[in-house]
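For reference, the structure discussed in these notes is given below.
Bear in mind that the values in this text are calculations on the coordinates, not laboratory data. If you're wondering where the values come from, they're calculated on a predicted model, not measured in any experiment. Reconstructed Cβ throughout: ideal geometry from the backbone, glycine too, with neighbour counts over all protein chains shown.
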Amino acid sequence: MDLMTDGKVFKAGTLNANRVAMAAAHATLEILEEGNGEVYKRIYTVGEKLMNGMKVRNYNDFCQSSKEIFFDFRTRMLPRGVYIRPAHFGELYLSAAHTEEDIDRTLEAADEVIREMKRDKVV
């Protein structure tokens, strides 16, 4: 930080000096620290459940997957209330608001879509 203070390193950003953004960030960090960071343990637990339920075996298999099949899968998940980022890597983001029930519904939707795609002879 001293390098920025001395002017040796330039740092710019949209919300750098925005007091409201700083107050919101500070309040968020205080909430996340409650219960000794319990929220992170809960996010990890539901995230692990999601990862295990989606059954991605390993990174190499993932990299060899079909973009066309992925985008078909993604499109079929949308009407079921599951948004997957429209990029081939298809990240699913979790937040403190997600519950185990949300993960269960997501995994059920994925199973339905995969069965539907098999029936349609897409996979």
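Quick check on the chain: helices-only [θ] at 222 nm, where DSSP H runs of length 4 and up contribute -39,500 (n - 2.57) each and the sum goes over total residues. Nearest 500, please. Spell out each step's value before the answer.
On the way: 5 runs with 76 residues, N = 123.
Using -39500 (n - 2.57) per qualifying helix, the result is -20500 deg cm²/dmol.
The relative contact order of the stretch 36-119, computed from alpha carbon pairs under 8 Å that lie at least 6 residues apart in sequence, is 39 percent.
The number of Lys pairs in the chain with C-alpha atoms less than 19 Å apart, excluding pairs fewer than 8 positions apart on the same chain, is 5. Subtracting the Cα-Cα distance of Val9 and Glu116 from 0.36 nm times their residue separation leaves 33.1 nm of extension gain. Of the peptides 97-110, 9-22, 49-62, the ranking by mean beta-carbon count within 10 Å, highest at the top, reads 97-110, 49-62, 9-22.
Place a +1 charge on the Cβ of each Lys and Arg in the chain and a -1 charge on the Cβ of each Asp and Glu, then give the dipole magnitude about the Cα centre in debye, rounded to the nearest 20.
On the way: 18 positive and 20 negative charges, 111 e Å.
Dipole about the Cα centre, nearest 20: 540 debye.
Based on the alpha carbons, how large is the Rg to Rh ratio for the stretch 36-119 when Rh follows Kirkwood?
Working: Rg = 13.5 Å, Rh = 13.7 Å.
For the stretch 36-119, the value is 0.98.
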